[in-house]
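Chemist: Starting off with a structure, shown below.
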Amino acid sequence: MKVEKMIKDINRFFFPDEWKGFLKQIDKPKFKHRMLYELMFNTGARFDEAKHVRPCDFDFDRNNLRLWKTKTKAKKGEKVGKPRTISLSTSFSHKMRRFCKDKKPDEYLFTISQAGFNQLLKNKLKLMKVKDFQNFSSHNIRKTHGMYLKALGIDLAEICIRLGHDYNTYIKHYGSADIFSEKDMRAIRELFGDLYFRSRRF
């Protein structure tokens, strides 16, 4: 009997219920890598960018994070990646402050390899009975972040700056049709909190 090989879908992203289900899978006191998954989800950072985050890279007063280890774009003549500073939601900023409390200022927060990160992600999704669990990797978490911001109506230029991409790269690798239901949208707003929707007083 011929078994069809599953076609890898590089455009796959997490629906909100899938992401919440994944967080439940890793919601254990001894699961030390949970915060790396949450950091990537809440920032859209690449794996290598997130892995090199240190407590000193956060500005908890302004709810910002400076990503200093970024992708070097050799085709654009870069010899080293350009650092970028991005905003955090208030709730996630508070969570990271608590996580960093007992860490040294210049200490890397995470030690897991990208291969280990991806395999752990697939294993947990398989336990959740996600049929195409093999499609997921760190890239898909980043893809999810961009999709959620697009669904929330955030300006495309802002999304590109946040992800560290130009417009063409975003359209080619991160732009997908908005297929979220109203229930999904409520969940997305809940997950992202006040990111881009902080109250302003004038």
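The values are calculated or read from the model by the stated rules, or taken from the named source; none is laboratory data. Note that the coordinates shown come from a computational prediction; the quantities given were computed from them, not determined experimentally. All Cβ positions, glycine included, derive from the backbone under ideal geometry; neighbour counts span all protein chains shown.
Chemist: Which one of these does M40 not meet: (1) under 15 Å from H139 (Cβ atoms); (2) surrounded by fewer than 21 Cβ atoms within 10 Å (Cβ to Cβ)?
Modeler: Result: M40 passes all but (2).
Chemist: Report those helices (runs of 4 or more DSSP H) wholly inside the stretch 94-202 carrying at least 2 residues which are among the charged types (D, E, K, R) and more than 24 Å from D17 (Cβ to Cβ). Show your work before the answer.
Modeler: Numbers: elements: 114-127, 138-151, 156-163, 167-173, 182-192.
Ranges flagged: 156-163.
Chemist: Could you pull out the residue among G164, G153 that is buried (at least 18 other Cβ atoms within 10 Å of the Cβ) and among the small types (G, A, S)?
Modeler: Working: G153 fails: buried (at least 18 other Cβ atoms within 10 Å of the Cβ).
Checking each option against the conditions leaves just G164.
Chemist: For the stretch 49-93, how many residues are part of a helix (DSSP H, G or I) and modelled with pLDDT of 95 or more?
Modeler: Here is the first cut: in the stretch 49-93, the ones part of a helix (DSSP H, G or I) are 49-51, 55-57, 74-76, 90-93.
Applying the additional criterion that residues be modelled with pLDDT of 95 or more yields 49-51, 55-57, 90-93.
Residues that pass the stated criteria total 10.
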